[in-house]
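The values are calculated or read from the model by the stated rules, or taken from the named source; none is laboratory data. Keep in mind it's a predicted model, so treat the numbers as computed, not measured. A quick note on method: Cβ atoms are made from the backbone with ideal geometry, for glycine too, and the neighbour counts reach across all protein chains shown.
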Amino acid sequence: MSHNEIKKWIRLSLYSELTNEEQSALEAHLKDCDECRNELEQQRNLLSLISDKKNEVDDKLLMEARAQLRGAIRNERQHKGFLDNIFQGKYVVENVIPYYEPLIKAKKRGRHLYWTNFNLPSDIGERKIYKNMIERGDIKELSNFHDYNFKKYKGQQKINKIARNLVDYEVGKTIFETVLGVMTKKDVKQISLL
């Protein structure tokens with residue numbers, strides 16, 4: 001058995017963490033080894049210094065600290081994303097800014113709110129869409145902007161509503177690249193010449 005292992009056993013023996021066999025083997029080794037006996041003495045002195053410095057904690061202070069800790073835990077749970085408790089991966093939920101105040105705080109980007117469990121960049125690559133384009137709801141103009149033929153849509157919603165509320169595909173690409181950790185040229189700041 002090496003001295004490193006014996007030194008580990010010395011520390012463990014001070015806390016009564018050795019088996020009976022290990023304790024007997026340690027004691028047998030200590031009879032013949034001055035170096036390890038010195039180590040045991042140093043560890044005992046250190047332990048005695050630590051244990052002599054017991055701090056008495058005021059009950060009121062302890063109660064206040066516990067209350068603060070419970071409050072911090074409660075606060076963290078409340079501010080945790082609503083999907084964090086049931087989903088283990090990365091997520092993003094989007095909605096056009098509603099007329100009412102959302103129950104769960106979101107990140108605002110352009111005309112949309114996003115709920116995510118990752119950092120959403122300030123610039124999410126949204127192309128400038130003109131307010132009058134949205135207000136008019138011109139399907140041809142919005143089809144060109146979104147590079148999608150909305151006349152193919154066969155769902156229940158009004159086509160102009162779908163076209164007005166659609167997230168810019170450049171935003172979707174930026175969010176996807178953010179999740180994957182893709183760095184683009186605009187993210188890199190050159191600080192010196194090569």
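Okay, here's what the table says:
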read-out	value
Filter result (over 12 Å from ARG11 (Cβ atoms), under 46 Å from the mean Cα position of the chain (by Cα) and among the charged types (D, E, K, R)) within the range 22-48	GLU22, GLU41
The range 22-48, subset of a type in the set (Gly, Ala, Ser) and under 12 Å from ILE6 (Cβ atoms), residue surrounded by the most Cβ atoms within 10 Å (Cβ to Cβ)	ALA25
Qualifying position, being modelled with pLDDT of 85 or more and not in a helix (DSSP H, G or I), among GLN190, GLN157	GLN157
Matching residues, the range 122-154, being surrounded by 14 or more Cβ atoms within 10 Å (Cβ to Cβ), part of a loop (DSSP other than H, G, I, E, B) and over 39 Å from the mean Cα position of the chain (by Cα)	GLY137, ASP138
Meets criteria (modelled with pLDDT under 80, over 30 Å from LEU14 (Cα atoms), part of a loop (DSSP other than H, G, I, E, B) and more than 24 Å from the chain's Cα centre (by Cα)) for LYS54	no
Test: residue in the range 90-100 that is modelled with pLDDT under 85, more than 30 Å from LEU12 (Cβ to Cβ) and surrounded by 10 or more Cβ atoms within 10 Å (Cβ to Cβ)	no
Residue count, the range 168-187 (criterion: out of contact with any helix residue (DSSP H, G or I) (no Cβ under 9 Å at 6 or more places or on another chain) and at pLDDT below 85)	4
Checklist (1) surrounded by 15 or more Cβ atoms within 10 Å (Cβ to Cβ); (2) modelled with pLDDT of 85 or more applied to ASN119, failing item	(1)
